[in-house]
Amino acid sequence: EHEVIGRSAVDLGLWPDWGPAHALRNALDRDPVLHDLRLPVHAADGTLRELQVAAARFEWDGAPAAVLIGRDVTAMERARRETDAILDKAALGIAFVRERRFDRVNPQFERIFGVPAGSLAGQPT
């Protein structure tokens, strides 16, 4: 706890530069409450991780402040990208349906049914 209080994310080595900090500040300037901001951070072992961040801007003793909650989504995002790559290259048409609506279809499914790319997302089955 004492290692982080009063130190910036750059000082702690979480960000190599001020780019992500500026992105966070700009996002909070547009909307004082954020629910799904993605930010890169460096873990203690030096690996690059992706955080899903919820943040809120407020004033503390008259000075601007923010509270952040982060969740490491690196593995989940890697799995999503791998799944997307498999689906995009599959020779079979594949559709994921949730609550009787197309959640995701692959390019082969769209070709089979002759529909424009991306046009089925959210449509009823």
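FRET efficiency for the residue 101 to residue 4 pair, using the beta carbon distance and R₀ = 25 Å, is estimated at 0.05.
The fewest-to-most ranking of 53, 105 by surrounding Cβ atoms within 10 Å reads 53, 105.
Taking 64, 107, 32 in turn, the Gaussian network model of the chain (Cα-Cα springs below 10 Å) assigns the largest fluctuation to 64. Site pair residue 58 and residue 81 shows an inter-label distance of 3.5 nm when each label is modelled 7 Å from Cα along Cα→Cβ.
A dipole drawn for the stretch 14-98 from +1 and -1 charges on Cβ atoms has a positive end, and of 14, 46, 74 the residue lying farthest that way is 74. Placing +1 on the Cβ of every Lys and Arg and -1 on the Cβ of every Asp and Glu, with nothing else charged, gives the chain a dipole about its Cα centre of roughly 700 debye. Using just its DSSP H runs of length 4 or more, each adding -39500 (n - 2.57), the chain gives a mean residue ellipticity at 222 nm of -8500 deg cm²/dmol after division by all residues.
With N set to the number of residues, divide the alpha-carbon radius of gyration of the chain by 2.2 N^0.38 Å and report two decimals.
So the chain has a normalised radius of gyration of 1.46.
For the stretch 89-120, the set of trypsin sites (Lys or Arg not before Pro) satisfying both a DSSP loop assignment and a count of at most 12 other C-beta atoms within 10 Å is given as 100.
Could you give the length gained by full extension between residue 112 and residue 35, i.e. 0.36 nm per residue of separation minus their alpha carbon distance, to one decimal place?
That works out to 24.0 nm of additional length.
Only the coordinates and a few stated rules stand behind these numbers; no lab work does. Note that the coordinates shown come from a computational prediction; the quantities given were computed from them, not determined experimentally. Every residue, glycine among them, receives a Cβ derived from its backbone with ideal geometry; neighbour counts consider all protein chains shown.
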